[in-house]
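Chemist: Questions regarding the structure given below will be posed in turn.
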Amino acid sequence: MARRSKNRTPGGASGPGSGEDFEERILDIDVVDEMQSSYLEYAYSVIYSRALPDARDGMKPVQRRILYQMHEMGLRPDRSYVKCARVVGEVMGRLHPHGDSAIYDALVRMAQSFSMRLPLVDGHGNFGSLGNDDPPAAMRYTECRAAPAAGLLVDSIDEETVDFAPNYDGSQEEPVALPAAYPNLLVNGASGIAVGMATNMPPHNLGEVIAAARHLIKHPNADLDTLMRHVPGPDLPTGGRIVGLEGVKDAYATGRGTFKIRATVAIEQVTARRKGLVVTELPFAVGPEKVISKIKDLVNSKKLQGIADVKDLTDRAHGLRLVIEVKNGFNPEAVLAQLYKLTPMEESFGINNVALVDGQPLTLGLKELLEVYVDHRFEVVRRRSEFRRTKRRDRLHLVEGLLVALLDIDEVIRIIRSSDNAAEAKASLISRFELSEIQTQYILDTPLRRLTKFDRLELEGERDRLRAEIEELTRILDSDAELRKLVSSELSAIAKKYATPRRTELLDSAEAPVAVVPLEVADDPCRVLLSSTGLLARTANGETSFEESSKRVKHDVVLSAVPATTRGEVGAVTSTGRLLRLTVVDLPQLPETATNLSGGAQISEFLSLEDGESLVCLTTLDESSPGLALGTEQGVVKRVVPDYPSNKEELEVVTLKDGDRIVGAVELRTGEEDLVFITDEAQLLRYPAGQVRPQGRAAGGMAGIKLTGDAKVLFFSAVDPSAEAAVFTAAGAEGTLDDSMSTAKLTPFDQYPRKGRATGGVRCQRFLKGEGRLVMAWAGPTPARAATKAGAPAELPEPDPRRDGSGLPLGKPVAAIAGPV
């Protein structure tokens, strides 16, 4: 290959037609060497200057330049919006020597809440839609400013916390990395295609990532399994469900792995005659138009059957809502399985954690990503503390000099007045008061109005404050433990302010709807909980951590709680006398800090109940326990022999009479409990469980309480007579709980005497005028917690020692009540 160059002859004129002479010089270069050199330069440019993010701040160069330039322009969250074209122009002219479309595309993505888990740009206008079905408007129409999260990335950048490098033409400098107050690379993920390598990282939950980073700060030798207890998997902006966690663990261990994302779908009655599949969350980067188009193609080609219609009912008020109507005669579950298989409602995501570390592209696991960020944050905080200490020392030096002058201000004024010029005054002050040149110049520049008695007090206060701040900064810089503590506390404050609940459910397998579970679930002790609003969940260990709080929210009344192990099974007893097996690992796991069951899942996700059938209680399947005690609406009591064959998913625990149903069931712990019946005629019967002989599962039970007339059993349970307990009853007109007419009473349990089985019991509440029957009853350990039908907390009346007294008006009707779990 020949490369030709022309050298102008010295003294020759320039410009066309000048008649200048050139000598031609031809360089012989091997074509392989030329191509290799050029290609390497191109590859280097793409890898380091365009496609790959830095592991420290999680930013690709164009993203970093956008945020830095917006910071320089003062586009903070509290400022007004500016045209995106202006930001793009500034970035392109000052920092990024590439096309405006590339810059605008990066800016748009940082503003999309469905692309970024924590958006960095606050956009105003059309910034596109999910799956790019609706592309963003041109940059001359849209406006933007920095989002609060972007401020955290550039915070303290003016305090020499990061290195700066010349821009493309050397006219100004730009940061090589941002200070990054949180692990942005893990939180928002990244994608990019370089030469010979690519990166594809999913977003994660900010609170979980910060929790892992703080754990690593405290325990630098923490292993991957420990970190994954804090970060069990990605948390995608669009929600959905991740199916199968083996690929996630592989990615966290090696930097590479694959997992599947499923849409979140509910089976609902969408019309009077048809059921349908309602899609509320789609896989990451998949839009509804893509799904609709694929479904229509499959239906037209006869590859998909059972679909009657597809409607996109998405709007800003309710978010994504894609309704797929299923034809009559087709099983919605089977149709859904086909949709997962044939359409983008289930997509694969390949994790490839390639990022730049010290200028080198490396494939990093979860721990390595956190380590790089934590080390970067240590360096940022250390440099920031050095900068602040230097600034405060400089200021303290000036304040101390001014205070010296104030102590003998008359002498200072005399020296200045007697000096011929400023230089002589400066030299005299230095000699007289032993001041430095900087202190002396500051004294000469200070106006006389600053030399009052009040200003002296101000300066003394500033001196003391500066000394304290310098001492604190020195303590941080001299102690690695204090530095770690400071970084950890700053991360904690960010998580407290900006962390949001997890959006993506993690499914241990394709069949198990598990909410947030570790990758490898050990067979650890846990508790399975049932809330008053029909939510099921399990705790992270054998204890619950619900706290009594005035800020309780919905779903905080636990009706039933049983001990279990994560890999075990529990039983669910229904009102029709069925016992259904429930796999514990399928249930959502509550965080250790949970104060309610809002992270649980509906019963319908795990159990198929018949019309009119309800879940009464949970029970262990331990055949060494005293067994299950249950009571029916017609007054039948039964103790079930704990015989639960492992090869049966459904068991019958009692043979009910026609029209009868179970109103209460409870697993006995010791067999020494008292069984309690409460009827709607306000009769309470209490007797030892030992009076009821255990029977086989097929038996129909025995008489438990004597009923009169049309009375019915309203409540049945077992109470430990040695524990502090109470009885709650509420009466209403015509058997309905009415806000204006219902009254309620709370009475200590020990006020009710024991009676014999199959007797009528004693009165537990006296009806007032207009009240006909009890509409609510409960007996159990205290303190009791009550909730309305909607799940909101409800207040209980003060305890009344009279067992048959009348009730007091209720502020809110109580729909559920339970004791501590």
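Chemist: Can you pull out the residues in the stretch 199-246 that are more than 30 Å from SER129 (Cα to Cα) and among the hydroxyl-bearing types (Ser, Thr, Tyr)?
Modeler: Of everything in the stretch 199-246, just one residue is more than 30 Å from SER129 (Cα to Cα) and among the hydroxyl-bearing types (Ser, Thr, Tyr), namely THR226.
Residue by residue, here is whether (1) in contact with a strand residue (DSSP E or B) (Cβ under 7 Å, 6 or more places away or on another chain); (2) modelled with pLDDT of 95 or more holds:
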{"residue": "LEU107", "(1), (2)": "yes, yes"}
{"residue": "MET110", "(1), (2)": "yes, yes"}
{"residue": "PHE114", "(1), (2)": "no, no"}
{"residue": "LEU130", "(1), (2)": "no, no"}
{"residue": "ASP134", "(1), (2)": "no, no"}
{"residue": "THR142", "(1), (2)": "yes, yes"}
{"residue": "ARG145", "(1), (2)": "yes, yes"}
{"residue": "LEU153", "(1), (2)": "no, yes"}
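Chemist: Count, please, the residues in the stretch 246-259 that happen to be surrounded by fewer than 18 Cβ atoms within 10 Å (Cβ to Cβ) and either part of a loop (DSSP other than H, G, I, E, B) or not hydroxyl-bearing (Ser, Thr, Tyr) (or both).
Modeler: Qualifying residue count, the stretch 246-259: 4.
Residue-wise test of (1) touching a residue at least 12 places away in the same chain (Cβ under 8 Å); (2) of a type in the set (Ser, Thr, Tyr); (3) within 30 Å of LEU370 (Cα to Cα).
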position: LYS60; (1), (2), (3): yes, no, yes
position: ARG65; (1), (2), (3): yes, no, yes
position: TYR81; (1), (2), (3): yes, yes, no
position: CYS84; (1), (2), (3): yes, no, no
position: ARG109; (1), (2), (3): no, no, yes
position: MET139; (1), (2), (3): yes, no, no
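Chemist: Do you know which residues across the stretch 375-397 are within 26 Å of the chain's Cα centre (by Cα) and either without any contact (Cβ under 8 Å) to a residue 40 or more places away in the chain or outside the structural domain of LEU491 (by TED's automatic domain parsing) (or both)?
Modeler: ASP375
Chemist: Checking the condition assigned to a loop (DSSP other than H, G, I, E, B) and in contact with a helix residue (DSSP H, G or I) (Cβ under 9 Å, 6 or more places away or on another chain), which residue from LEU304, LEU369 passes?
Modeler: LEU304
Chemist: Look at the stretch 74-101 and say how many of its residues are in a loop (DSSP other than H, G, I, E, B) and either outside the structural domain of GLY123 (by TED's automatic domain parsing) or over 18 Å from GLY125 (Cβ atoms) (or both).
Modeler: Selection size over the stretch 74-101: 8.
Chemist: Taking only the stretch 749-790 into account, find how many residues are assigned to a strand (DSSP E or B) and farther than 16 Å from LEU675 by Cα.
Modeler: Number of matching residues: 9.
Chemist: Out of curiosity, is ILE430 farther than 21 Å from GLU159 by Cβ and surrounded by 20 or more Cβ atoms within 10 Å (Cβ to Cβ)?
Modeler: no
Chemist: Do you know which residues across the stretch 316-334 are part of a loop (DSSP other than H, G, I, E, B) and surrounded by fewer than 13 Cβ atoms within 10 Å (Cβ to Cβ)?
Modeler: ARG316, ALA317, HIS318, ASN328, GLY329, ASN331 - these are the residues of the stretch 316-334 that are part of a loop (DSSP other than H, G, I, E, B) and surrounded by fewer than 13 Cβ atoms within 10 Å (Cβ to Cβ).
Chemist: Identify, please: which residue in the stretch 351-397 is farther than 16 Å from ALA212 by Cβ and of a type in the set (S, T, N, Q) and is, among those, modelled with the lowest pLDDT?
Modeler: GLN360
Chemist: Something else: Quick check: is even one residue across the stretch 192-215 modelled with pLDDT under 95, closer than 16 Å to GLU368 by Cα and basic (Lys, Arg)?
Modeler: Looking through the stretch 192-215, none of the residues is modelled with pLDDT under 95, closer than 16 Å to GLU368 by Cα and basic (Lys, Arg).
Chemist: Do we have any residue at all in the stretch 308-315 that's under 30 Å from PRO232 (Cβ atoms) and either within 25 Å of the chain's Cα centre (by Cα) or outside any strand (DSSP E or B) (or both)?
Modeler: yes
Chemist: Still on this structure, please answer the following. Quick check on the stretch 132-154: of everything there that is part of a loop (DSSP other than H, G, I, E, B) and of a type in the set (D, E, K, R), which residue is surrounded by the fewest Cβ atoms within 10 Å (Cβ to Cβ)? Break it down stepwise before answering.
Modeler: Looking only at the stretch 132-154, we keep the residues that are part of a loop (DSSP other than H, G, I, E, B), and these are 133-142, 147.
Okay, now just the ones that are also of a type in the set (D, E, K, R), so 133-134, 140.
Values: ASP133: 16, ASP134: 13, ARG140: 10.
Checking each candidate, the answer is ARG140.
Chemist: Now a separate question. State all residues of the stretch 617-626 that are in contact (Cβ under 8 Å) with a residue 60 or more places away in the chain and more than 12 Å from GLY571 (Cβ to Cβ); if no residue qualifies, say none. Write out each step before concluding.
Modeler: Residues of the stretch 617-626 that are in contact (Cβ under 8 Å) with a residue 60 or more places away in the chain, as a first pass: 617-618, 626.
Within the stretch 617-626, just PRO626 meets the criteria.
Chemist: Checking the structure you have, find out if any residue of the stretch 289-301 is surrounded by fewer than 18 Cβ atoms within 10 Å (Cβ to Cβ), within 25 Å of the chain's Cα centre (by Cα) and charged (D, E, K, R).
Modeler: No: the stretch 289-301 contains no residue that is surrounded by fewer than 18 Cβ atoms within 10 Å (Cβ to Cβ), within 25 Å of the chain's Cα centre (by Cα) and charged (D, E, K, R).
Chemist: If you don't mind, there's one more thing I want to ask. Would you point out the residue of the stretch 509-558, among those that are surrounded by fewer than 20 Cβ atoms within 10 Å (Cβ to Cβ) and either of a type in the set (Asp, Glu) or in a strand (DSSP E or B) (or both), that is modelled with the lowest pLDDT?
Modeler: GLU520
Chemist: Let me ask something else. Being surrounded by fewer than 23 Cβ atoms within 10 Å (Cβ to Cβ), closer than 30 Å to VAL265 by Cβ and without any contact (Cβ under 8 Å) to a residue 24 or more places away in the chain is the requirement here; does SER608 meet it?
Modeler: For SER608, the condition - surrounded by fewer than 23 Cβ atoms within 10 Å (Cβ to Cβ), closer than 30 Å to VAL265 by Cβ and without any contact (Cβ under 8 Å) to a residue 24 or more places away in the chain - is met.
Chemist: So if I check each of TYR340, TYR373, which one is under 30 Å from LYS249 (Cβ atoms) and in contact with a strand residue (DSSP E or B) (Cβ under 6 Å, 6 or more places away or on another chain)?
Modeler: Working: TYR373 fails: in contact with a strand residue (DSSP E or B) (Cβ under 6 Å, 6 or more places away or on another chain).
Going through TYR340, TYR373 in turn, the sole match is TYR340.
Chemist: Additional query: Return the only residue of ALA744, ALA731, ALA718 being assigned by TED's automatic domain parsing to the domain that holds GLU795, in a strand (DSSP E or B) and in contact with a helix residue (DSSP H, G or I) (Cβ under 7 Å, 6 or more places away or on another chain). Reasoning before the result, please.
Modeler: Working: ALA744 fails: in contact with a helix residue (DSSP H, G or I) (Cβ under 7 Å, 6 or more places away or on another chain); ALA731 fails: in contact with a helix residue (DSSP H, G or I) (Cβ under 7 Å, 6 or more places away or on another chain).
Result of the check over ALA744, ALA731, ALA718: ALA718.
Chemist: Can I ask one more? Mind listing whichever residues of the stretch 475-508 are of a type in the set (S, T, N, Q) and part of a helix (DSSP H, G or I)?
Modeler: SER488, SER489, SER492 - these are the residues of the stretch 475-508 that are of a type in the set (S, T, N, Q) and part of a helix (DSSP H, G or I).
Chemist: Further question: Go through the stretch 677-732 and give me each residue that's surrounded by fewer than 16 Cβ atoms within 10 Å (Cβ to Cβ) and without any contact (Cβ under 8 Å) to a residue 60 or more places away in the chain.
Modeler: Across the stretch 677-732, the qualifying residues are GLY690, ARG693, GLY696, ALA698, THR708, GLY709, ASP710, PRO721, SER722, ALA723, GLU724.
Chemist: Which strands (runs of 3 or more DSSP E) does the stretch 631-689 wholly contain that include 1 or more residues that are over 23 Å from VAL570 (Cα atoms) and in the same structural domain as ALA731 (by TED's automatic domain parsing)?
Modeler: Ranges flagged: 674-679, 683-688.
The values are calculated or read from the model by the stated rules, or taken from the named source; none is laboratory data. Everything numeric here is computed off the predicted structure, so don't read it as measured data. A quick note on method: Cβ atoms are made from the backbone with ideal geometry, for glycine too, and the neighbour counts reach across all protein chains shown.
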